[in-house]
Amino acid sequence: MSTKNEQLFAQARKHIPGGVNSPVRAFAGVGGTPIFMHRANGSKIYDTEDNAYIDYVGSWGPMILGHAHPKVIDAVKKAADDGLSFGTPTPFETTVADKICEIVPSVEMIRMTSSGTEATMSAIRLARGYTQRDKIVKFEGCYHGHSDSLLVKAGSGMLDIGEPTSKGVPADFAKHTITIPYNDPQAIKDCFEKWGDEIACVILEPIAGNMNMVIPAQEFHDTLRAECTANGAVLIFDEVMTGFRVGLGGAQAHFGITPDLTCFGKIIGAGLPVGAFGGKEEIMSCIAPLGGVYQAGTLSGNPLAMRAGIAMFEDLTAEGFYEDLSAKVDHLVDGFQAAADKHGINLRTNKLGGMFGMFFVKDSTTETPKNFDDVTECDMDVFNTFFHGMLDRGIYLAPSAYEAGFMSIKHSAEDIDASIAAADEIFANMAKQ
Ligand code: PMP
């Protein structure tokens, strides 16, 4: 790594804990120095010495149209000219709300927030207020942002710090969070049998993207829907990562499940700070000012984020957008798989729409991971070697074996072929050792 980057990191650590404003950026799992970026365009991000990297992180999902998309940038510039924030309702919020309700039929009403964390935290409070119950159910390895009740056995950066539950979460909060294994229908049945009439809600990533990418079985979703309905619990899909990413209708369209509430984030502001939660009118009507569940935000529905989102939705809803996007993912992931097979590397993959996962399993008979325990069994050393090998070759993957990969519509066949060639070289070197 260049001296300049090392200096930037040293400088950052002086006044910013760990030199980063969000832990997964710190390369804690993979080792080494995080690379400081200063600009991005299309499929690429550029470090402070202007070296290009083909980017498969895409700001952790939102850059589905590629970085600095002219239409989005233009919308933001125009919005900025009109003022940054009014603290009043704007017509742009209504346009985005209408668009999401049109695309995602389970969402009858929606409220904007400024982050995914706020969306999930607020959805949980709403579910508790609506049901008048306290307990919530979540799944091992799922991450739903950093609010207290949800940092119990969570995924993402929590997995790098080696704490099952974040320090600072009072035991009195954590005791209301029940955590069960992902993708296990029997665990859901057992949980409802034990606590059925005390459970306010079940929250999950309907396709997990914070323990790498795990696509659960249809039976898991069918069981969840049935048990929540039978027991009067609110089913919350956290589609902060999967919404408008695995397909236009998100994971709920893929599985044909109607959740009671859905959380969105990241993507709907095309890269500006935003989140949202929405769902059944009957439940959403419990929020202030209509009802007694309080939820608010000075910058919620910020005009820059809304106008960026409106511009982005135009492209997402265009004919063939997701077909093109998933063809790119197929090209990349199938290429990685073929290269791994050629060199005898035990790679397993998952993919859907514009999202993919890669697991280096320990032997040739091991199947694609189906839950958090399977994911932790993967060979982290092999992942780290792969990650750094790719980085050295100008390809930027998420700096953790617990994160998913993201494709943008701007990734070209050349970008993808270059990525596959780099992987082939790394696998060949691994095979020699
Ligand atoms: N839910 C999921 C599924 C996420 O992936 C994330 C962020 N990675 C969040 C919630 C929290 O979103 P934010 O970081 O915007 O607070």
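Odds and ends about this structure:
- Reported value for the stretch 86-154: 124 Å³ per residue, from the convex hull of its C-alpha atoms.
- Residue-averaged [θ]222 nm for the chain, counting only DSSP H segments that reach four residues, each worth -39500 (n - 2.57): -12000 deg cm²/dmol
- Stokes-Einstein D for the stretch 211-275, Kirkwood Rh over Cα pairs, 4 °C, 1.567 mPa s (µm²/s): 102
- Within the shell of other residues whose beta carbon sits under 11 angstrom from the beta carbon of Phe427, the net charge comes to -1, with Lys and Arg scored +1 and Asp and Glu -1.
- Taking only the C-alpha atoms of the stretch 70-316, the Rg (one decimal) and the largest Cα-Cα distance, Dmax (whole number), read 17.6, 57 Å.
- Values of log10 I(q)/I(0) for the stretch 162-275 across q = 0.09, 0.20, 0.23 Å⁻¹ run -0.26, -1.18, -1.35, by the Debye formula with one identical scatterer at each alpha carbon and no solvent.
- The chain: relative contact order as a whole-number percent, Cα under 8 Å and 6+ apart: 22
- Cβ charges +1 (Lys, Arg) and -1 (Asp, Glu), total dipole of the chain, debye: 1020
- Using the average count of surrounding beta-carbon atoms within 10 Å as a protection proxy, the listed peptides 7-19, 104-116, 375-387 rank, highest first, as 104-116, 375-387, 7-19.
- Restriction of the chymotrypsin sites (Phe, Trp or Tyr not before Pro) in the stretch 262-346 to DSSP coil positions whose beta-carbon has at most 13 other beta-carbons within 10 angstrom yields Tyr294.
- Sequence-distant lysines (8 or more away, or on other chains) whose Cα lies within less than 19 Å of Lys4: Lys14
- For the stretch 196-219 and the stretch 1-36, distance of Cα centres in Å: 32
- Out-of-range pairs (alpha-carbon distance over 28 Å; input Lys266/Lys351; Lys135/Lys280; Lys44/Lys167): Lys44/Lys167
- Set of aspartates and glutamates with alpha-carbon distance to Lys99 below 15 Å, sequence-local pairs under 8 removed: Glu108, Glu314, Asp315
- Neighbour-limited loop hits for GluC sites (Glu not before Pro), the stretch 282-332 (at most 15 other Cβ within 10 Å; DSSP other than H, G, I, E, B): Glu319
- All Cα-Cα separations within the stretch 1-93 were binned at 5 Å from zero, giving a P(r) of 2, 11, 16, 18, 17, 14, 12, 7, 3, 1, each value a whole percent of the pairs.
- Euclidean distance between Cα centres, the stretch 327-381 to the stretch 242-265, Å: 24
- Equivalent ellipsoid, the stretch 18-67 (semi-axes from 5 times Cα gyration tensor eigenvalues, Å): 19, 14, 9
- Relative contact order (percent, whole number), the stretch 43-158, Cα cutoff 8 Å, 6+ residue spacing: 12
- Cα-based Rg / Dmax (Å) for the chain: 21.2, 65
Bear in mind these aren't lab numbers, they're just calculated from the coordinates by the rules spelled out. None of these values were measured; they are calculated from a predicted model. For neighbour counting, all protein chains shown are included, and Cβ atoms are generated from backbone atoms with ideal geometry for every residue, glycine included.
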